[in-house]
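Read through the structure below, which is laid out as structure tokens, and then see the notes.
Values in this text are rule-based calculations from the coordinates and carry no lab data. Just so you know, these numbers come straight off a predicted model, no measurement behind them. Don't worry about glycine lacking a Cβ; one is built from the backbone with ideal geometry, like all the others, and counts go over all protein chains shown.
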Amino acid sequence: MSTATTASVSTHILDTSIGRPAEGVAISLAARTGRGGEWVALGGSATDADGRCKDLPALPEGTTHVRLDFEVEEYFTGSIKTQKQAEAQQDAPRVRDSGAFFPEVAITFAVTPGEHYHVPLLLNPFGYSVYRGS
């Protein structure tokens with residue numbers, strides 16, 4: 001939870017190529033204070049069966065910028081594919097045989113103390129988009 005002096009962050013990933021959550025994707029979180037500040041790695045987690053990452057580390061007081069790093073290469077190459085994903089991909093185009101076009105996705109955004117930031121990643125083998133959710 002955020003307080004008046006800190007912001008909080010959550011995220012989830014939807015694989016739009018199969019219309020399902022992306023499970024097992026490692027996510028790391030870093031923060032800095034001010035534009036010229038040094039990035040401080042805070043830790044990370046991985047997405048659950050719903051594609052959500054519910055246990056990201058808390059942001060330190062004074063955080064002004066946050067970076068989420070999504071390690072998607074193993075997801076797309078099948079190293080962490082679940083049975084549900086394998087079944088869903090049977091009907092999906094066979095575009096993943098060439099590996100991961102984006103092996104990682106890094107999203108950097110500004111935060112304001114006391115606000116919560118939900119930043120979903122909509123992912124497919126050859127593109128992605130993000131937005132500030134609720």
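Of the peptides 112-123, 58-69, the order by per-residue mean of other Cβ atoms within 10 Å, starting with the highest, comes out as 58-69, 112-123.
For Thr5 and Glu104, the difference between the fully extended length at 0.36 nm per residue and the C-alpha to C-alpha distance is 32.6 nm. Highest-first packing order for the peptide set 20-30, 38-48 is 20-30, 38-48, based on the mean count of other beta carbon atoms within 10 Å. Phi angles of segment 53-63 translate, via the Karplus equation with coefficients 6.51, -1.76, 1.60 and θ = phi - 60°, into HN-Hα couplings of 10, 8, 10, 5, x, 6, 7, x, 4, x, 5 Hz per residue; Gly and Pro are given as x. Seen from Gly44, the other residues with C-beta closer than 10 Å to its C-beta sum to a net charge of -3, counting Lys and Arg as +1 and Asp and Glu as -1.
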